[in-house]
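Here the structure is laid out as structure tokens; the discussion comes afterwards.
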Amino acid sequence: MKKEDKAILIEKIAAQIEATPNFYVTDIEGLNAEATSELRRACFEKGIKLMVVKNTLLHKVLEQKGNQDANELCSVLKGSTALMFAEAPNAPAKLIKEMKEKLGKPELKGAYVQECAYVGAQNLETLVNIKSREELIGDIILLLQSPIKNVISGLKSNAGELIAGVVKTLSEKE
């Protein structure tokens, strides 16, 4: 491969990482054409971009990024490597788990999700359980609504009538 071609590929990979900072490093070696096509189709349906890369080029991109956490992924760049990019931080992890049960691959080598590096296949369950920003905001809103609902339901019940009676009695005394 010519040096110019390598430079173009490095720029392409770096641009994709910049655009989609959540990425997973996987191994899809050994999948036949039918299984690979099924994996690519599933990625497309879930909004995940799948890109097969050369380890040396990805290594250069990670070094250029200058992020210590991202550099931890350099240790897993052996054998065949494919990258999965997604906006939702846990979407590729869920897909990897689903397809691994079905096809036996892909294998998780590592991931860079929400500015943290996860190295090794043992982190798959952790990555599946990561919540997106929208899910966390929803949880916070739900927690904030709970006390308000308790006060309102208390006011609507018999205790509300008791409180209204006490307020009425106090207002009559003045």
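Worth pointing out:
- Every pair of residues 6+ apart whose Cβ atoms lie under 6 Å, when the first sits in the range 86-103 and is at pLDDT 90 or above while the second is among the charged types (D, E, K, R): Leu95/Lys46
- The number of residues in the range 16-46 being closer than 21 Å to Ala88 by Cβ and loosely packed, with under 13 Cβ neighbours inside 10 Å comes to 5.
- Pairs, first closer than 26 Å to Glu115 by Cα in the range 129-148, second among the β-branched types (Val, Ile, Thr) and surrounded by 10 or more Cβ atoms within 10 Å (Cβ to Cβ), C-beta under 8 Å, six or more apart: Ile130/Val113
- Residues of the range 1-50 classified as part of a helix (DSSP H, G or I) and polar (S, T, N, Q), total: 3
- Enumeration of residues in the range 74-97 that are open to solvent by 50 Å² or more (accessible area, probe 1.4 Å), more than 15 Å from the chain's Cα centre (by Cα) and not basic (Lys, Arg): Ser75, Gly79
- If the condition is being open to solvent by less than 60 Å² (accessible area, probe 1.4 Å), among the basic types (Lys, Arg) and over 14 Å from Thr26 (Cα atoms), then the range 98-134 contributes no residue at all.
The values are calculated or read from the model by the stated rules, or taken from the named source; none is laboratory data. Predicted model, so just to flag it, every value in this text is computed and none were measured. Cβ atoms come from the backbone with ideal geometry, glycine included; neighbour counts cover every protein chain shown. Heavy atoms of the whole protein, side chains included, go into the accessibility calculation; ligands, DNA and RNA do not. Shrake-Rupley method; radii C 1.70, N 1.55, O 1.52, S 1.80 Å.
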